[in-house]
Amino acid sequence: MSELCNEDLAPVPMDKRTWNTLNYFSLWVGMAVCIPSYMIASSLITAGMSLWQAIGCVFLGNIIVLVPMVLNGKVGAQYGIPYPVFARSSFGILGSNIPALLRAVVACGWFGIQTWIGGMAVMAVIKAFWPGFAEIPNIFPEWFGTSTAPFISFLIFWAMNVVIILKGVQTIKWFETASAPLLLISGIALLFWAMTRVSNIEGSFGAGMARLFDQPSNFQTSAEFWKVFIPSLTGMVGFWATMSLNIPDFTRYAKDQKSQFWGQVFGLPTTMTLFALIGVVVTNATVVIFGSAIWDPVMVVEKFDSPFLLFISMIIITIATLSTNIAANVVGPANDFSNAMPSKINFKRGGMLTACLGVIMMPWKLIADPSGYIFTWLIGYSSLLGPIGGILLVDYFIIRKEKLNVDDLYKRQGEYTFYKGFNFAAIVAFVVGVLPNVPGFMHQIGMNASISSFFETIYSYAWFVGLPLSGVVYFALMKLNSMTERSAANAEL
């Protein structure tokens, strides 16, 4: 076997490509039904949007990101190769580690965030049986950002993730398919609970629905609306920008192109929009039922009177978070880390590295501020991943016209060696795509006190700027290289 290959990076043989449309639909249900999806529209309403503006923003963002999702997914289904191997065709045999590791680091952050959220569900279950658990003396300094009980709960949920990681990628297929019906039914049941309780309080079904769905906008002018809507839309795209790159990690198991295409079309935008709507409606319901807005479903469930119902609800939240975390935040980075050292890092070792880095990144700080979560975290990493997506799409669909030399993707010396393993056209195009967003990001994290409105606007469009810009620059550089090579060949003749 080549030094650039191992069992997890090798093309999936045809007899093992068994995922059908239902499997991909279930995959997206398992990934989209999670607490960040539930909370994301509520954060938009907090920023001033009406209910339907927020839901529209979520839906449009997911329709947009669906396009590169199914296009990159086509590569996996066609050749059976994972994302980092696909990246070798554009960035080079060794240069592929740049987009792979960047995507891996982002996934480690997401893994930590989801694990922290799952840990809060675990903590709620423990408190139901041991009320004094939350009062355990804190052993951490103030700068650490959390206390003993939440951190113990976080580690318990972290261990659950590790168990599935060690069982391998095929366990993920089974887990996602098995949990999808439960997650959909549970979300609809929560929506029904909210509608019923509010209708009873308001005196009629119509009055209850008006109270839940008539969430007005706080914007006085269209300019105010667009100032919030554009970066929010970028954040919505950024939510799944990671998966739009590494979706070949899953579509490599597809029975055919139709399976991955229709499974994603039916699974991603519909589930994300439905669950965001459930989150907004239930949050509005908490204002009527409990007197204040509770945007965290774990805190909502904690208010249930029945200990049995509380326990079952927390188990469902735990399953939802597990299904998202393992699929969205382990498979990709595990393969990405494996690509860096194929002979030493396999899927399980890459998954464990992801899990450990997810703790080190202190995820409880990443989501402490809802506005920072969208405008710093989601938009910030979309400014990195958008340019990578532009390069991959242009290379595969325009430069190579959907033709890859699979054997050479695993050779040190071959079509994708470029210059010592690096394609500098891709690297330059990536840097050019990222640079316009740097001033805005630095301003967002407080390292640049004032910037021009031009760079602030550019940062709002981070993914939309980086993807086409890098794609165009990459196309121009590759064409220039091709012309230079032809001229050199003609000169030799």
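Condition check ((1) under 13 Å from residue 90 (Cα atoms); (2) at pLDDT 95 or above; (3) under 23 Å from the mean Cα position of the chain (by Cα)) across all residues:
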site: 447; (1), (2), (3): no, no, no
site: 466; (1), (2), (3): no, no, yes
site: 477; (1), (2), (3): yes, yes, no
site: 487; (1), (2), (3): no, no, no
site: 491; (1), (2), (3): no, no, no
Read through the list (1) of a type in the set (Val, Ile, Thr); (2) without any contact (Cβ under 8 Å) to a residue 12 or more places away in the chain; (3) farther than 28 Å from residue 385 by Cβ, then give the number of the only condition that residue 156 fails. (2)
Looking only at the range 380-414, and only at residues there that are loosely packed, with under 15 Cβ neighbours inside 10 Å and of a type in the set (Asp, Glu), the one that is nearest to residue 78 (Cα to Cα): 402
Go through the residues of the range 263-276 one by one and say whether even a single one is part of a helix (DSSP H, G or I), surrounded by fewer than 19 Cβ atoms within 10 Å (Cβ to Cβ) and over 17 Å from the mean Cα position of the chain (by Cα). yes
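Matching residues to (1) within 28 Å of residue 402 (Cα to Cα); (2) in contact with a strand residue (DSSP E or B) (Cβ under 6 Å, 6 or more places away or on another chain):
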position: 183; (1), (2): no, no
position: 191; (1), (2): no, no
position: 208; (1), (2): no, no
position: 212; (1), (2): no, no
position: 244; (1), (2): yes, no
position: 254; (1), (2): yes, yes
position: 262; (1), (2): yes, no
Output for Cβ contacts, cut-off 6 Å, separation at least six or different chains, first residue more than 20 Å from residue 3 (Cβ to Cβ) and in contact (Cβ under 8 Å) with a residue 60 or more places away in the chain in the range 398-413, second surrounded by 14 or more Cβ atoms within 10 Å (Cβ to Cβ) and among the aliphatic types (A, V, I, L, M), reads 399/478
Looking only at the range 7-58, count how many residues are closer than 29 Å to residue 346 by Cα and either part of a helix (DSSP H, G or I) or modelled with pLDDT under 90 (or both). 19
List the helices (runs of 4 or more DSSP H) that sit entirely inside the range 409-482 and contain at least 2 residues that are of a type in the set (A, V, I, L, M). 424-434, 438-444
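Table: residues versus (1) touching a Cys at 6+ places or on another chain (Cβ under 6 Å); (2) assigned to a helix (DSSP H, G or I).
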residue	(1), (2)
313	no, yes
316	no, yes
320	yes, yes
328	no, yes
344	no, no
Qualifying position, being at pLDDT below 85 and over 29 Å from residue 380 (Cα atoms), among 189, 194, 207, 180: 180
Among residues of the range 148-180 being over 27 Å from residue 305 (Cβ atoms) and of a type in the set (Gly, Ala, Ser), the residue nearest to the chain's Cα centre (by Cα) is 180
Would you please list the contacts, defined by Cβ atoms under 8 Å and residues six or more apart or on different chains, that run from a residue in the range 191-214 that is under 11 Å from residue 282 (Cα atoms) to a residue that is charged (D, E, K, R) and surrounded by 13 or more Cβ atoms within 10 Å (Cβ to Cβ)? 198/211
Scan the range 103-126 and give yes if some residue there is modelled with pLDDT of 90 or more and not in a helix (DSSP H, G or I), otherwise no. no
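The values are calculated or read from the model by the stated rules, or taken from the named source; none is laboratory data. Predicted, not measured: the structure shown is a model, and the values here were computed from it. Note that each Cβ is placed from the backbone with ideal geometry, even for glycine, and that neighbours are counted across all protein chains shown.
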